[in-house]
Amino acid sequence: MITSSHPNEPRPQTGARAPALGCALGLALAAAASFAAEPPSRINNPSSAERFAKPSSELVSREDLFWKRTPLAVPEGIVLETSGIVPVAGKRLLVTTRRGEVWWVDGAYDTDPKPKFTLFASGLHEPLGIIAAPKGGYYVAQRQEVTRLVDTDRDGRADLFETVAQLPISGSYHEYAFGPVLGPNGNLRVTLNVAFGGTTQAPAPWRGWMVEITPDGQIIPVAAGLRSPCGLIVTSKGDWFFSENQGEWVGSGRLTHLVPGDFAGHPAGLAWSRQPGSTVRLRPEDIKDFEEPMHEVAKRVPGLKPPAVWLPHTVLGISNSGMIEDLSDGKFGPFAGQFFVGDQGQSKIARVSLEQVKGVWQGAAIAFREGFESGILRLAQGDDGVMFAGESARGWGSIGPKQFGLERLAWTGRTPFEIKEVLAQPDGFVLTFTQPVDRATAENPGSYAVAGFTYLYHKAYGSAPVNRLACPVRKVVVAPDGLSVRLALACLREGYIHEIKAPGLRATGGTETLLHLTAYYTANRLPDGARIIPLDPKDAELCASLATVVALGATKKHPSKVPSDWTGDEGDRTILLGTLPGLKFDETLLTVKAGSRVRLVFRNTDDMLHNFVLCAPGRGSAVGEAAMALGIDGNTQSFVPETDDVLYHTALTQPGTTDTIFITAPRTAGDYDFVCTFPGHYLLMKGILRVE
């Protein structure tokens with residue numbers, strides 16, 4: 001039943017104290033509260049010591065040639081933690097913020113923008129999306145409800161707040177609601193985050209589900225198994241996809257196609273699968289801690305839905321967020337019909353090309369654009385194909401140095417040399433390009449390097465890449481027009497992500513390299529058809545030689561065994577170091593005597609992965625940046641780079657676990673940095689070991 005709130009009734013301004021988003025891995029109320037106390041001018045302009053180093057400056061400069069990024073200035077006093085964007089006729093924008101406000105933005109399309117911000121509504125509870133309502137006004141998804149906002153007297157300010165549907169909520173900080181999205185049938189859909197901090201992650205009905213909302217306010221469960229489904233989209237052909245980031249039961253970021261009855265993998269929401277109206281037949285007891293690749297488990301567990309496309313962790317993001325389909329008909333460049341996915345932690349956008357093989361969605365994910373000012377939470381496409389990126393980094397931090405923002409991205413008209421899309425073949429892939437290739441480099445198998453890997457489906461937080469295996473290129477066929485190349489490979493495997501690198505490839509003329517060298521193709525199915533290389537029995541042995549992940553043992557820098565010259569395991573002192581919500585160690589200043597023997601016990605009580613890395617004086621940021629560059633293999637190294645700047649480190653610890661190391665303090669007095677090097681954490685999670 002639709003109810004209506006009095007237009008002048010005050011609404012709780014709780015958005016200002018809400019914690020960081022689940023799609024940014026979720027943080028504590030304390031972090032948000034302390035952030036809210038800072039004046040806007042200060043929090044949006046942190047000192048240089050608090051900033052991440054700008055990533056890949058050479059690449060960002062090249063990207064600028066093709067898609068111009070224009071930050072839109074936010075007036076002093078407005079904390080524009082952009083959480084939703086809807087382009088409106090007349091080249092206007094309407095944006096929601098995590099602080100519970102909705103703002104008109106005029107002038108965002110101007111050549112030299114000096115946008116004007118006008119308040120449309122306030123007092124909402126952390127709205128995370130906004131769309132136009134067919135019968136007038138705008139639909140907004142708050143934590144506790146989907147609301148229609150209407151300006152009935154046409155004065156530019158909402159005066160009607162109409163409850164479309166109330167959303168189940170228990171009060172956990174992690175119970176976000178993403179959307180809404182209007183479906184082809186006229187119903188709305190939202191995705192509901194799981195909770196954290198209680199005995200269950202689904203304390204309220206339909207947490208961890210995609211649900212549909214009818215015009216009369218009925219909630220219809222659609223699919224379960226969602227963890228932190230920040231991105232939600234219905235394509236121009238009527239297919240539903242959602243995006244989410246790495247976490248427990250989620251090996252890496254991913255895009256998943258959902259139809260009624262699907263189970264995407266996170267078991268918390270199955271607590272409600274016995275309820276009337278449930279479309280999902282699986283029960284909590286059906287899901288074990290499998291420790292196997294997800295596609296293998298799906299063969300035995302009917303209803304389990306592996307992702308259409310994996311987004312490799314730390315490579316194509318660490319907290320994947322909003323996504324959009326390019327419907328500009330070429331006004332945004334050569335990727336019409338493809339999809340763009342934002343990332344909050346790494347302040348970047350990835351590009352995805354999809355195809356269906358044997359009725360199953362799959363495709364390639366490729367880097368697109370980085371260098372944004374803050375963490376990207378929402379994307380929207382406006383007039384003339386212009387893209388807008390809404391940004392927030394509150395509580396978690398991001399590579400982009402600012403805490404919030406709104407940016408415009410427009411195609412300059414120049415076309416880069418890029419892998420346009422990747423299509424599966426029975427024995428490899430076809431790569432199409434935005435420009436003709438140089439035939440000499442394209443025909444050389446040495447111009448390419450392909451390897452397959454996947455992630456484990458298990459209860460643990462995330463997964464290292466497993467079963468990594470090189471896929472030797474056996475044959476290359478270049479199309480007569482030079483716009484595509486067919487690669488035939490050994491060791492191609494269904495269900496695996498295939499990392500396709502082309503560092504030796506050049507465009508016609510022989511000098512221009514690809515703007516982005518690597519595509520990651522998730523091959524859920526291999527198509528039937530003619531092969532261009534025969535099956536080679538000798539490859540069977542080659543393709544059985546999987547690269548295994550070795551648990552981190554005792555090493556010189558990870559001294560997890562008591563040294564032989566210690567009497568007992570206590571040494572001269574024991575340090576107990578823990579974690580706090582909001583990417584913090586519970587102690588930021590530790591003091592030891594030079595040369596003392598220290599037993600350091602690192603306890604991770606947070607809900608995400610952390611480590612402890614002791615660095616040379618002043619080198620914590622450099623070590624953190626080096627950890628970011630480790631790519632898909634970083635997890636196997638506990639995200640600790642091989643550098644002399646690292647003195648000691650723990651393993652990468654799961655939530656609720658402990659690692660102990662036995663170290664000898666440096667003999668030179670001074671302040672030694674310690675940081676967490678899980679990608680992006682070093683911005684906030686740091687401290688000093690003072691040697692006296």
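Is it true that ALA364 is touching a residue at least 24 places away in the same chain (Cβ under 8 Å), in the same structural domain as GLU58 (by TED's automatic domain parsing), farther than 18 Å from ARG506 by Cα and not in a loop (DSSP other than H, G, I, E, B)? Here the answer is yes, as ALA364 does meet what is asked. Among the residues of this structure, PHE263 counts as one that is more than 26 Å from GLY397 (Cβ to Cβ) and touching a Leu at 6+ places or on another chain (Cβ under 6 Å). Do we find that ARG378 is closer than 19 Å to LEU316 by Cα, surrounded by 23 or more Cβ atoms within 10 Å (Cβ to Cβ) and not aromatic (Phe, Trp, Tyr) in this structure? Yes: the conditions hold for ARG378. The conditions of being in contact with a helix residue (DSSP H, G or I) (Cβ under 9 Å, 6 or more places away or on another chain) and on the phi > 0 side of the Ramachandran plot are not met by GLY171. GLU58 meets all of the listed conditions (1) modelled with pLDDT under 95; (2) over 28 Å from the mean Cα position of the chain (by Cα); (3) not polar (S, T, N, Q) but one, namely (2). Remark: pairs (first residue in region 145-160, assigned by TED's automatic domain parsing to the domain that holds LEU128; second residue of a type in the set (D, E, K, R) and in a strand (DSSP E or B); Cβ separation under 6 Å; 6+ apart in sequence or on different chains) = ARG148/GLU162. Selection of region 372-410 for residues being within 14 Å of ASP343 (Cα to Cα), aliphatic (A, V, I, L, M) and in a loop (DSSP other than H, G, I, E, B) yields ALA393, ILE399. Evaluate region 473-484: report whether one residue or more is out of contact with any helix residue (DSSP H, G or I) (no Cβ under 6 Å at 6 or more places or on another chain), at pLDDT below 95 and aliphatic (A, V, I, L, M). The answer is no; no qualifying residue exists. Filtering GLY261, GLY330 for residues that are over 21 Å from ALA223 (Cα atoms) and assigned to a loop (DSSP other than H, G, I, E, B) leaves a single hit, GLY330. One residue stands out among those in region 260-277 that are aliphatic (A, V, I, L, M) and in contact with a strand residue (DSSP E or B) (Cβ under 7 Å, 6 or more places away or on another chain): the one that is surrounded by the fewest Cβ atoms within 10 Å (Cβ to Cβ), which is LEU270.
So, in region 345-365, of the ones that are among the aliphatic types (A, V, I, L, M) and under 14 Å from the mean Cα position of the chain (by Cα), which residue ends up farthest from GLY231 (Cα to Cα)?
Here is the first cut: in region 345-365, the residues among the aliphatic types (A, V, I, L, M) are 349-350, 352, 354, 357, 360, 364-365.
The next check asks that each one be under 14 Å from the mean Cα position of the chain (by Cα); those that pass are 349-350, 352, 365.
Details: ILE349: 13, ALA350: 13, VAL352: 14, ALA365: 16 Å.
Across region 345-365, the extreme among qualifying residues is ALA365.
For region 89-111, a residue qualifies if it is more than 14 Å from VAL74 (Cα to Cα), in a loop (DSSP other than H, G, I, E, B) and over 25 Å from the mean Cα position of the chain (by Cα), and the qualifying residues are ALA89, GLY90, LYS91, TYR109, ASP110, THR111.
Please determine whether any residue of region 410-422 is surrounded by fewer than 20 Cβ atoms within 10 Å (Cβ to Cβ), among the β-branched types (Val, Ile, Thr) and at pLDDT 95 or above. Yes, region 410-422 contains at least one residue that is surrounded by fewer than 20 Cβ atoms within 10 Å (Cβ to Cβ), among the β-branched types (Val, Ile, Thr) and at pLDDT 95 or above. Counting only strands (runs of 3 or more DSSP E) wholly contained in region 548-625, the ones carrying 1 or more residues that are of a type in the set (Lys, Arg) occupy 573-577, 597-604. When the residues of region 412-456 are filtered to those that are closer than 21 Å to PRO312 by Cβ and of a type in the set (Val, Ile, Thr), the one that is nearest to the chain's Cα centre (by Cα) is THR454.
For ASN187, the conditions (1) buried (at least 24 other Cβ atoms within 10 Å of the Cβ); (2) at pLDDT 95 or above are fulfilled apart from (1).
A quick yes/no check of all residues on (1) crowded, with 24+ Cβ neighbours inside 10 Å; (2) over 17 Å from ARG690 (Cβ atoms); (3) aliphatic (A, V, I, L, M); (4) in contact with a strand residue (DSSP E or B) (Cβ under 7 Å, 6 or more places away or on another chain):
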residue: VAL592; (1), (2), (3), (4): no, no, yes, yes
residue: THR605; (1), (2), (3), (4): no, yes, no, yes
residue: ALA627; (1), (2), (3), (4): yes, yes, yes, no
residue: ALA651; (1), (2), (3), (4): no, yes, yes, yes
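Scanning region 150-177 for residues that are outside any loop (DSSP other than H, G, I, E, B) and closer than 18 Å to ILE213 by Cβ turns up VAL150, PHE161, GLU162, THR163, VAL164, ALA165, GLN166, ALA177. Contact annotation: residue pairs with Cβ atoms under 8 Å, 6 or more positions apart or on different chains, pairing a residue in region 650-666 that is over 10 Å from ASP606 (Cα atoms) and aromatic (Phe, Trp, Tyr) with a partner that is modelled with pLDDT of 90 or more and assigned to a strand (DSSP E or B), are PHE662/ARG597; PHE662/VAL598; PHE662/ARG599; PHE662/LEU600.
Working only within region 375-387, note down all residues that are within 17 Å of LEU94 (Cβ to Cβ) and touching a Gly at 6+ places or on another chain (Cβ under 6 Å).
Filtering region 375-387 down to residues within 17 Å of LEU94 (Cβ to Cβ) leaves 377-383, 386-387.
Once the filter is applied, which keeps residues that are within 17 Å of LEU94 (Cβ to Cβ) and touching a Gly at 6+ places or on another chain (Cβ under 6 Å), region 375-387 yields LEU377, ARG378, LEU379.
Only residues that are of a type in the set (Gly, Ala, Ser), touching a Leu at 6+ places or on another chain (Cβ under 9 Å) and touching a residue at least 40 places away in the same chain (Cβ under 8 Å) were counted in region 319-336, giving 3.
Just one of the listed residues (ARG378, ARG351, ARG394) is without any contact (Cβ under 8 Å) to a residue 24 or more places away in the chain and either assigned by TED's automatic domain parsing to the domain that holds VAL88 or closer than 26 Å to ILE131 by Cβ (or both), namely ARG351. The listed residues are THR152, THR163, THR191, and the only one of them that is of a type outside the set (A, V, I, L, M) and under 18 Å from GLY247 (Cβ atoms) turns out to be THR191.
Identify all residues within region 223-255 that are surrounded by fewer than 23 Cβ atoms within 10 Å (Cβ to Cβ) and not in a loop (DSSP other than H, G, I, E, B); write none if there are none. Break it down into steps so the answer makes sense when it comes.
Going residue by residue through region 223-255, those that are surrounded by fewer than 23 Cβ atoms within 10 Å (Cβ to Cβ) are 233-240, 248.
Matches in region 223-255: ILE233, VAL234, TRP240, GLU248.
The values are calculated or read from the model by the stated rules, or taken from the named source; none is laboratory data. Here the structure is a predicted model, which means the values were calculated and not measured. Positions of Cβ are backbone-derived with ideal geometry, glycine not excepted, and every protein chain shown enters the neighbour counts.
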